[in-house]
Amino acid sequence: MDFKKPFRVFVLLSVTWLLIFLSAVSGNAEMVIDADRQYDYAHSRFMAGSYDEAIIEFNRFIYFFPEDPRIDPANFQIGMAHFNAGRNSDAAGVFSHLIEDSSSEELMTDAYFMLSRSHAGFGNLDQAMLDLRNLMTVTSDPDVLDRARYELAWLLIDQGRWSEADQVISGITTGNFDQFHVAGLQQDLAKFDQIPRKSTTTAGFLSILPGAGQAYCGRYQDALTAFLVNAGLICAAWEAFDNELYALGAVIGFVEFGFYAGNIYGAVSGAHKYNRDRISEFRDGLIQKNRVQLSLGPIKEGWAVCLKMDF
């Protein structure tokens, strides 16, 4: 009797039933992700710079683990992801809710700072300053107060409000002077009266002679152009009237009046631009020389304030 064929059939049936069994077991198996793994994965997406993915994963963590003590830090990271992605308005909404709902004083403090930065990010500097002043009314921590004063001072500097910035900086406690470069910043702020300026009135008055106002503002190429154009038109109008071409002379004179008025306006505008540029240079010099970069960096336990100083 040939036993090979029944044996092969037996093996084939055994393998088939084994595959069916394994398939059934596999189909009923569930992948279980606990809170730690979900939070760590969301955090890894944030650290990789995949901010939209991080927001999705942190929201998933919040949905599936609503009782986890890391709900507030997860919301904070969502706000930071929006902020780092340039969505300052969305970030401000997240940080505002954290300030209202968070039970952690430390997290609330960080949310105040980030709310201020978010408002500043879309140009609402007045609200950004108000955020810092609100923080200063709800905290008694001297280090937090000094940090708020420091960031408030730089918002004032951004607006060219030098005296107010100096007053705020003066409120920083002596123990934090070195940390925030207070002495050097105050010394440089005292020089704001030395910023070179051009008088708009003088620029306009000098423009009675076309090009003189532009030359006063250091715009020599514009000065030469204004002088040649206006002189050419005046001469052309003079020649037209001298040759009794009154209609042509009137047209040229009308055109010249426009160029002459533009010459005066351009000189006054040039004085304003000169002053803006000098103020901008002064502010950039302050930033480069004195500003301490404060940022929030993620660590294993949460977030920490990071300081970057140039030596």
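Every read-out reported here was derived from the displayed coordinates using simple, explicitly stated rules and does not represent laboratory data. Bear in mind the structure is a predicted one, so any value in this text is a computation, not a measurement. Here the Cβ is made from the backbone with ideal geometry for all residues, glycine too, and neighbour counts use every protein chain on show.
Once phi is turned into θ = phi - 60°, what whole-Hz ³J(HN,Hα) does the Karplus curve with 6.51, -1.76 and 1.60 give for every residue of the range 54-63, x standing for Gly and Pro?
4, 4, 4, 6, 5, 5, 5, 4, 5, 5
Could you work out how far the C-alpha centroid of the range 43-111 sits from that of the range 195-259, in angstrom?
The range 43-111 and the range 195-259 have Cα centres spaced 61 Å from each other.
Test of the criteria: in the range 234-283, which GluC sites (Glu not before Pro) are in a DSSP loop and have at most 11 other Cβ atoms within 10 angstrom of their Cβ?
Filter output for the range 234-283: Glu244.
Could you calculate the FRET efficiency of Arg37 with Asp143 from 1/(1 + (r/R0)^6), where r is the beta carbon distance between them and R0 is 30 Å, rounded to 0.05?
0.30
Where a ≥ b ≥ c are the square roots of the eigenvalues of the C-alpha gyration tensor, would you call the range 28-107 rounded, which needs a/c under 1.5, or, failing that, prolate if a/b is larger than b/c, or oblate?
Oblate shape, in that a/c is at least 1.5 and b/c is the bigger or equal ratio.
Modelled label-to-label distance, Ser199 and Thr174, 7 Å Cα→beta-carbon offset: nm?
Placing both labels 7 Å beyond Cα along the Cβ direction yields 4.5 nm.
Roughly how big is the range 200-289's charge dipole about its Cα centre, with Cβ charges of +1 (Lys, Arg) and -1 (Asp, Glu), in debye to the nearest 20?
So the magnitude is around 660 debye.
Taking neighbour counts of Cβ atoms within 10 Å as a proxy for exposure, in what order, fewest first, do Thr200, Thr109, Thr174 appear?
With the fewest neighbours first, Thr200, Thr109, Thr174 line up as Thr174, Thr200, Thr109.
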